[in-house]
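Student: Let me give you the structure first, and then I'll get to my questions.
The values are calculated or read from the model by the stated rules, or taken from the named source; none is laboratory data. Quick caveat, the model's predicted, so the values are computed rather than measured. Quick reminder, even Gly has a Cβ in these numbers, built from the backbone with ideal geometry, and neighbours come from all protein chains shown.
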2 protein chains.
Amino acid sequence: MRRDIFQAIADPTRRAIIALIALQAMTPNTIAENFNTTRQAVSKHLRILTECQLVKQEQQGREIYYSLEIEKMKEIDKWLEQYRKIWENRFNQLDQVLSTIKKQKKNEK
Amino acid sequence: MRRDIFQAIADPTRRAIIALIALQAMTPNTIAENFNTTRQAVSKHLRILTECQLVKQEQQGREIYYSLEIEKMKEIDKWLEQYRKIWENRFNQLDQVLSTIKKQKKNEK
DNA sequence: CATATGTGCAACTATTTGGTTTCGCAAATT
DNA sequence: AATTTGCGAAACCAAATAGTTGCACATATG
């Protein structure tokens with residue numbers, strides 16, 4: 001099933017899970033211990049995160065270790081890029097204003 | 001009312017609205033014309049976007065012009081920063097591997 | 001082989017969400 | 001003054017969502 005990455009990171013619990021498994025791979029039980037939820041609830045979140053490839057899993061015996069697929073996070077960064085251009089451009093414009101003021105002061109001397 | 005910015009950008013229609021008003025300020029009617037929705041639906045989206053300060057409004061007569069509050073977008077960038085560190089670090093590690101291979105080839109000559 | 005442990009999945013529920021319809025109000029237009 | 005236009009808000013509805021409970025299954029452990 002395909003899944004929107006922005007919809008996936010909308011839930012605060014899922015963002016907390018992402019932050020947790022970004023540091024090291026974890027089993028659903030271990031993740032659940034870090035929050036006030038059941039393992040089943042975590043499992044559902046992990047499924048959603050897996051569906052949009054934000055998370056990968058590695059089975060070891062009966063345990064399944066989940067970890068962050070960092071490559072997928074770049075997709076958000078890519079979306080943000082268009083807006084970064086805007087705020088950086090705005091910064092440059094401010095920069096120009098400041099240097100203009102500077103020049104004017106110079107001429108006043 | 002306070003509102004989670006990640007929840008705000010989760011909806012694809014809202015992201016489209018953001019992209020639209022990032023370029024220039026627009027009235028709800030104009031925005032609605034660009035999509036397959038009613039003005040009322042757009043109005044609801046704008047309300048949500050306003051509630052998390054992603055959007056600002058300026059009244060001109062009976063028209064209200066909505067535009068993007070670019071500063072708020074940086075909040076997403078800030079959240080992404082912790083993960084950017086991870087993928088940049090990973091890239092550096094790859095870089096080291098590549099330069100090691102290069103050195104080895106050099107020594108083979 | 002019996003039991004304990006780790007897991008995903010389905011059914012169910014309360015809540016949230018995105019959309020439509022209807023309304024009232026203020027500003028423009030006639 | 002009457003009508004049109006632009007707007008937000010409330011009421012309503014269908015669909016999605018997050019969580020709980022109960023289950024089945026596979027892998028360890030005794």
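Student: Can you pull out every residue in the range B:15-42 that is of a type in the set (S, T, N, Q), surrounded by fewer than 14 Cβ atoms within 10 Å (Cβ to Cβ) and over 16 Å from the mean Cα position of the chain (by Cα)? Let's see the steps before the verdict.
Tutor: If we filter the range B:15-42 for residues that are of a type in the set (S, T, N, Q), which is where we start, we get B:24, B:27, B:29-30, B:34, B:36-38, B:40.
Checking which are surrounded by fewer than 14 Cβ atoms within 10 Å (Cβ to Cβ) leaves us with B:24, B:29, B:34, B:36, B:38, B:40.
Of everything in the range B:15-42, those that are of a type in the set (S, T, N, Q), surrounded by fewer than 14 Cβ atoms within 10 Å (Cβ to Cβ) and over 16 Å from the mean Cα position of the chain (by Cα) turn out to be B:ASN29, B:ASN34, B:ASN36, B:THR38, B:GLN40.
Student: Here is a check on your reading of the model: is A:LEU20 closer than 24 Å to B:TRP87 by Cβ, away from chain B (no Cβ under 14 Å) and outside any loop (DSSP other than H, G, I, E, B)?
Tutor: In short, no.
Student: So, one more: Looking only at the range A:43-56, which residues are within 17 Å of A:LEU20 (Cβ to Cβ) and in contact with a helix residue (DSSP H, G or I) (Cβ under 7 Å, 6 or more places away or on another chain)? Show your work before the answer.
Tutor: Just the residues of the range A:43-56 that are within 17 Å of A:LEU20 (Cβ to Cβ), to begin with: A:43-50, A:54-56.
Listed by number, the residues that qualify are A:SER43, A:HIS45, A:LEU46, A:ILE48, A:LEU49, A:LEU54, A:VAL55.
Student: So B:GLN40 fits all but one of (1) over 22 Å from B:PHE6 (Cα atoms); (2) away from DNA strand C (no atom under 15 Å from the Cβ); what number is the exception?
Tutor: (2)
Student: Another one. Which of the following residues is within 13 Å of chain B (Cβ to nearest Cβ), out of contact with any Lys or Arg (no Cβ under 6 Å at 6 or more places or on another chain) and modelled with pLDDT under 95: A:ASN107, A:ASN89?
Tutor: Details: A:ASN107 fails: within 13 Å of chain B (Cβ to nearest Cβ).
It is A:ASN89.
Student: Report the residue count in the range B:23-41 for those that are within 26 Å of A:ARG90 (Cβ to Cβ), within 10 Å of DNA strand D (Cβ to nearest atom) and in a helix (DSSP H, G or I). So that I can check it myself, show each step before the final result.
Tutor: Step one: of the range B:23-41, the residues within 26 Å of A:ARG90 (Cβ to Cβ) are B:23-28, B:30-31, B:34.
Right, trim to within 10 Å of DNA strand D (Cβ to nearest atom) and you get B:26-28, B:30-31.
Next, from what is left, pick out any that are in a helix (DSSP H, G or I): B:28, B:30-31.
Total satisfying the criteria: 3.
Student: Please verify whether A:ILE76 is more than 18 Å from B:ARG15 (Cβ to Cβ), buried (at least 17 other Cβ atoms within 10 Å of the Cβ) and within 14 Å of chain B (Cβ to nearest Cβ), treating the condition exactly as stated. Walk me through it before giving the result.
Tutor: Details: more than 18 Å from B:ARG15 (Cβ to Cβ): no; buried (at least 17 other Cβ atoms within 10 Å of the Cβ): yes; within 14 Å of chain B (Cβ to nearest Cβ): yes.
Taking the combined requirement at face value, the residue does not satisfy it.
Student: Out of all the residues in the range B:43-52, which are more than 7 Å from DNA strand C (Cβ to nearest atom), within 14 Å of another protein chain (Cβ to nearest Cβ) and assigned to a helix (DSSP H, G or I)?
Tutor: Hit for the range B:43-52 is B:LEU49, nothing else.
Student: Please work out which one of (1) among the acidic types (Asp, Glu); (2) touching a Lys or Arg at 6+ places or on another chain (Cβ under 7 Å); (3) within 8 Å of DNA strand D (Cβ to nearest atom) is the condition B:GLU51 fails and give its number.
Tutor: The failed condition is (3).
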